[in-house]
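For reference, the structure is listed below as C-alpha cells.
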Amino acid sequence: MTGIKVVKFGGSSLADANQFKKVAAIIKSDEQRKFVVASAPGKRFDSDIKITDMLYACYDKAAKGENFSENFAAIEERYNSIINELVINISLEEDYKTIKDAFAHRAGRDYAASRGEYLNSKVLAAYLGYNFVDPAGYIYFGEDGTFDLEHTLSVLSPKLAGLENAVIPGFYGSMPNDTIKTFSRGGSDVTGSIVARTVNADIYENWTDVSGFLICDPRIVENPKPITTITYKELRELAYMGAGVLHEDAIFPVRAAGIPINIRNTNHPEDKGTMIVSDSADVSKYVITGIAGKKGFSVINIEKDMMNSELGFGRNVLRALEKNGISFEHMPSGIDTMSVLVSTDSLIGKEKAVLDEINYRVHPDHMEIENNISLIAVVGRGMRKARGTAGRIFSALAHAKINVRMIDQGSSELNIIIGVNDEDFKAAVQAIYDIFVLTQE
C-alpha cells in the first residue's frame, strides 16, 4: 500500500458528538487518511469521568456480585447521546447485552476496559462509513503476555490489504486462549503504531489535545517553546523521564520501518505539531531538544577504601539489588565511592534487606540511603556538537543556588542526567530552560 496515513485519535478527541464532528472533518479532508485507530471517550469537562474508568468501576461491582445495572446504564447513555446527536443509523443494544453478560460471568478487567474502544470505534466507523476491524482477531500477545509483532503482522496485513479503509479500536488484542489482553494505559498509541507498520504507512498521525511536544512541562515553565522535530532516540529519553503526549512503547513498531510520527491537535488542526523521525538533518534553534524529569528516587551511597581495585565490586552490589527485585537507574562512581539510584517505590519495605545484602557481599566501610531525589534529563542531538553544555548546566544551577547531587552523561552525548533534591526540582528545570532557550531568543 502506498500514499497511506494512519491516524489515531485520543480520548479527548472523541469525548462527545462535537469532537466526533471535528475528527470526521480531519479524516475527510485528506483522502490518504484511510485507517483510523480510536480511543474510548475521554473527559468532556474537568470533573467528568473517562469511559475506561467507568467500565473499571462497573466491572469491579460485577466481580463482587453486586448490582451494576445503574453503572452500566450511565455508560450506555454516553454512547447513545453521541449516536443520537450525530444521527447515525446504528444500534449498540446487542453489544450492551453481550458486555453485561460477560461482566456477570467475570470476563476480566482487561475485557471490561477494552469495551470502551470497541464501542467507540463501532460508532466512529458507522459515522464515517468505514469498515470496522476488531483487533481481538488480529493483534496478538504471547503466552507470557508480551506483544507478538510477527504473528500480528502475518494476520493483520492481509486483512487490511483487502480493505479501502477501516476503523480499528485501540488498546487491546487477544491472548492465545482468545481472552482479551490490553496494552498498558494509553495503549491506543501502540495500536496506531502497529497499524502504521502493518500497512507501511507514509506517516502515523497521532491526534490529541496538544499541538505536539513542548521543550518542557508547561506546569513548571510558563509557555515553553514547542519542539518542531524530534528523533526517536530523543523521544525515548524524554518519555522515560516522564514527558507525556505519546505512549513510549508506541515508538518501536514504526521505528524499525522508518515511519515518522506526527503529533497533532484535534482542536487546532492547522498547527503542524511535532514530527518524530528516525534521523534529522534539521538544525535545532536550540542546543537542547527537551527537558523532562520526575521525582521519587533514592540513592544508596556506598563507601569503601580501594573499591576501584576490588574485582567484581559493582557486580556484587547490583546482585544485591537483583536478589531483592530492584533495578537501578544510574550508578555514578568514584575511586572509593559508589552511588546507586533506584526508584523509591521499589525500595520501600526492602531497605534493611538491601543494605544487609550489600554488606554481606562487599563489606563497605559506610552505607546510607537518601530519599527525595529528583532526576532531570536534558536531551538534544545538538549537544554532540556544542561545547560546554554540562558547564552551562552547572553554571545555571549554581546561579539558582541549587545543589547538584549527581550528574551522568551517556556515551552517545544525547542526554545529560542531573540529580537534585526534590525541593529544587522545579527551580532546576526553570534554570536549565532559561540558560538554553531564553538566552537564545
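Listed here are the residues, each with its yes/no results for (1) more than 21 Å from residue 216 (Cα to Cα); (2) of a type in the set (Asp, Glu).
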| position | (1), (2) |
| --- | --- |
| 352 | yes, no |
| 356 | yes, yes |
| 383 | no, no |
| 387 | yes, no |
| 391 | no, no |
| 400 | no, no |
| 404 | no, no |
| 408 | no, yes |
| 419 | no, no |
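Residues in region 26-49 that are polar (S, T, N, Q) and open to solvent by less than 30 Å² (accessible area, probe 1.4 Å): 39 only.
Answer with yes or no whether residue 163 is surrounded by fewer than 19 Cβ atoms within 10 Å (Cβ to Cβ), under 20 Å from residue 250 (Cβ atoms) and hydrophobic (A, V, I, L, M, F, W, C). Judged against the criteria, residue 163 is not a match. Any residue at all in region 124-134 that's among the acidic types (Asp, Glu) and assigned to a loop (DSSP other than H, G, I, E, B)? Scanning region 124-134, I find at least one residue that is among the acidic types (Asp, Glu) and assigned to a loop (DSSP other than H, G, I, E, B), so the answer is yes.
Is it true that some residue in region 116-128 is open to solvent by 20 Å² or more (accessible area, probe 1.4 Å) and under 27 Å from the mean Cα position of the chain (by Cα)? Yes, because at least one residue in region 116-128 is open to solvent by 20 Å² or more (accessible area, probe 1.4 Å) and under 27 Å from the mean Cα position of the chain (by Cα).
Set side by side, the residues 212, 145 differ, and just one is assigned to a loop (DSSP other than H, G, I, E, B) and open to solvent by less than 10 Å² (accessible area, probe 1.4 Å), which is 212.
When you scan region 181-195, do you find a residue that is of a type in the set (A, V, I, L, M) and surrounded by fewer than 22 Cβ atoms within 10 Å (Cβ to Cβ), even just one? Reasoning before the result, please.
Applying the first criterion (of a type in the set (A, V, I, L, M)) to region 181-195 yields 190, 194-195.
Checking which are surrounded by fewer than 22 Cβ atoms within 10 Å (Cβ to Cβ) leaves us with none.
The answer is no; no qualifying residue exists.
Yes/no matrix, rows are residues, columns are (1) over 29 Å from the mean Cα position of the chain (by Cα); (2) open to solvent by 50 Å² or more (accessible area, probe 1.4 Å):
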| site | (1), (2) |
| --- | --- |
| 11 | no, no |
| 23 | no, no |
| 51 | no, no |
| 60 | no, yes |
| 91 | yes, yes |
| 109 | no, yes |
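Pick from region 74-84 the residues that are without any contact (Cβ under 8 Å) to a residue 40 or more places away in the chain and open to solvent by less than 50 Å² (accessible area, probe 1.4 Å): which of them is farthest from residue 23 (Cα to Cα)? Ranking the qualifying residues of region 74-84, first place goes to 74. Within region 422-440, residues that are without any contact (Cβ under 8 Å) to a residue 40 or more places away in the chain have Cβ atoms under 9 Å from residues that are exposed (fewer than 15 other Cβ atoms within 10 Å of the Cβ) in these pairs: 427/401; 431/399, counting only partners at least 6 apart in sequence or on another chain.
So that you can scan it fast, the table gives a plain yes or no per residue for (1) outside any loop (DSSP other than H, G, I, E, B); (2) more than 30 Å from residue 14 (Cβ to Cβ); (3) open to solvent by 10 Å² or more (accessible area, probe 1.4 Å):
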position	(1), (2), (3)
250	yes, no, no
257	no, no, yes
272	no, no, yes
286	no, yes, yes
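Number of residues in region 138-182 that are on the phi > 0 side of the Ramachandran plot and within 20 Å of the chain's Cα centre (by Cα) equals 2. Residues considered: 27, 75, 99, 88. Of these, the only one that is in a helix (DSSP H, G or I), β-branched (Val, Ile, Thr) and within 30 Å of residue 270 (Cα to Cα) is 27. Here 426, 401 are screened, and the one residue that is out of contact with any Gly (no Cβ under 7 Å at 6 or more places or on another chain) and over 25 Å from residue 334 (Cβ atoms) is 426. Residues in region 259-270 that are buried (at least 16 other Cβ atoms within 10 Å of the Cβ) and out of contact with any helix residue (DSSP H, G or I) (no Cβ under 7 Å at 6 or more places or on another chain): 260, 262, 263, 264, 265.
How about region 328-441: which strands (runs of 3 or more DSSP E) wholly inside it have at least 2 residues that are open to solvent by 60 Å² or more (accessible area, probe 1.4 Å)? First the steps, then the outcome.
Details: elements: 328-330, 337-343, 366-379, 404-409, 415-421.
The strands (runs of 3 or more DSSP E) meeting that bar are 366-379, 404-409.
Evaluating residue 246 against the criteria (1) within 26 Å of residue 147 (Cβ to Cβ); (2) open to solvent by less than 60 Å² (accessible area, probe 1.4 Å); (3) modelled with pLDDT of 90 or more leaves one unmet condition, (3). Tell me, yes or no, whether region 215-222 has at least one residue that is open to solvent by 60 Å² or more (accessible area, probe 1.4 Å), outside any strand (DSSP E or B) and in contact (Cβ under 8 Å) with a residue 40 or more places away in the chain. No; the residues of region 215-222 include none that is open to solvent by 60 Å² or more (accessible area, probe 1.4 Å), outside any strand (DSSP E or B) and in contact (Cβ under 8 Å) with a residue 40 or more places away in the chain. In the condition set (1) in contact with a Ser or Thr (Cβ under 6 Å, 6 or more places away or on another chain); (2) closer than 21 Å to residue 171 by Cα, residue 273 is compliant with all but (2).
The values are calculated or read from the model by the stated rules, or taken from the named source; none is laboratory data. This structure is a prediction, so every number in the text was calculated from the model and none was measured. All Cβ positions, even for glycine, are placed from backbone atoms using ideal geometry, and neighbour counts span all protein chains on display. Surface areas here come from the heavy atoms of the whole protein model, side chains and all, with no ligands, DNA or RNA. Shrake-Rupley method; radii C 1.70, N 1.55, O 1.52, S 1.80 Å.
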